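Heads up, the thing below is written out as structure tokens.
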Amino acid sequence: MREPRKERFPALLVVGVLLLAFGLMWNARGSFSLLYLAFQREYGWSPGLSTLGYAFSWLAVIFLTPIAAAWVDKAGPRRAVVMGLGCTALLYGALALVREVWHYVLAFGVLQAMAQALVATGSTAYLARRFPRRRGSAIGGMAVGYSLGPVLILPVLGWTMGALGLRSALVLMVLPPFLLLPLVALLDPPPAPQARQAGAPVGALREAVGTLAFWSLAVLYVSGVVAYNIVLVHQAAAAEGLGSTASWIVMALTGSFAHSALGSLAGGSLSDRIGRVPVWLGGSLLSALAVGLLALVPPGAGGGPLAAYAVLLGLGTGARLALLGTLAADLYAGPAFGRIYGVLQAIGAIGGAVGPLVAGFLRETSGSYQVPFLVAGLAYLISGLAVLPLRRGLK
């Protein structure tokens, strides 16, 4: 009779370590608003040049994620997270050494894309195997890392940049991912993946792309990423257009990230109890209501609508972030999970590249942020409804 696995580390510690890994990786993208201004001041670059690295990173995600995620299947999720943290440390070190625009574009574009693919796919695969019965709770706990950067790391980066300068601050940012490497390496190896996940429609990428479930997930991902990036890039400017003060906007957006952490924890845990579909639909509806509220509130309405927007969006986004990897893991947590999830992330990244550009164009042609945010609300609803064809294969 096979003996049960003996784990050296408790579940809370495992999720906490991967939460930190995820937060440090995502902070490279989440801190871009600070880096955007710092590059202009340090090097005299124009706003357009300063955004090239961010834009190129989304293109790199589209092409590099399937390659990096396939490596997760071969080397294992734990090694992938270690490699992703190494890419994160190298990214900050490389940014500290840039002298020309093309240095920055290659460093941010390639290294950030590789870090994102390896850490996101590796962490999700690890937790999906380690906690098959509490997958939503575990991945939801890790998803708190999305909020960790803006709430905790971003203020520290801003302070060190002001006190020590851009280059010294970036050098210091090398240390956190580097110091976390041994903790990830010491985690217990995850259980081996099943040859074919019980109840899953397919067991390999070639089979997956021929199914309705795969393309439903693809629509769910790309429409959700379009909405998320429209909001992420333009929400501060939209709130300012309503007459909100800068300090109130900062407080509201910080509160939104804090509620996102709460939404990730609650959404992941609830999905293990009542199912993925109602939680995903609920999170999508809250997100759509939030952006619709911001779009339809007239200028001068005061801070109340912005506060309501921040709470609704935070809870809705958090619940959705907790389930992004969980939905794919429920269907494809077998030996080909990395390849399948990598292609889905690459498809979703198209929305990251297109969403802010479309919103900017609509803002210029309509003269307000009402139309872009209504488009974002519609995209959230489409993303929510796209889960319905998957309900038979999900928990």
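Placing R0 at 30 angstrom, the Cβ-Cβ distance between residue 361 and residue 179 gives a FRET efficiency of 0.10 after rounding to 0.05.
Computed from the alpha carbon atoms alone, the convex hull of region 205-390 holds 103 Å³ per residue.
Straightening the chain between residue 368 and residue 307 buys 19.9 nm, computed as 0.36 nm per residue apart minus the Cα-Cα spacing. Ranked from largest, the principal axis spans of the Cα set of the chain equal 68, 44, 35 Å. For region 342-380, chymotrypsin sites (Phe, Trp or Tyr not before Pro) are listed when DSSP marks them as loop and at most 12 other Cβ atoms sit within 10 Å of their Cβ; the list is empty. Descending by average beta-carbon neighbour count within 10 Å, the peptides 383-392, 98-107, 288-297, 317-326 line up as 317-326, 288-297, 383-392, 98-107, the highest first.
Under the combined filter of DSSP loop state and at most 13 neighbouring Cβ atoms within 10 Å, region 126-180 retains none of its chymotrypsin sites (Phe, Trp or Tyr not before Pro). Taken along the Cα-to-beta-carbon direction at a fixed 7 Å, the label points for residue 204 and residue 354 span 3.0 nm. For residue 11 and residue 46, what is the calculated FRET efficiency with R₀ set at 41 Å and r taken between the beta-carbons, to the nearest 0.05? Calculated transfer efficiency: 0.25. Using the average count of surrounding beta-carbon atoms within 10 Å as a protection proxy, the listed peptides 168-177, 80-89 rank, highest first, as 80-89, 168-177. With the helix formula -39500 (n - 2.57) applied to DSSP H stretches of n ≥ 4, the chain reaches a computed 222 nm mean residue ellipticity of -26000 deg cm²/dmol. Length, then width, then depth: along the principal axes, the Cα atoms of region 11-185 run 52, 32, 24 Å.
None of the figures in this text is laboratory data; all of them are computed from the coordinates on show. Being a predicted model, the structure only gives us computed values, none of them experimental. Neighbour counts run over all protein chains shown; Cβ positions are idealised from the backbone, glycine included.
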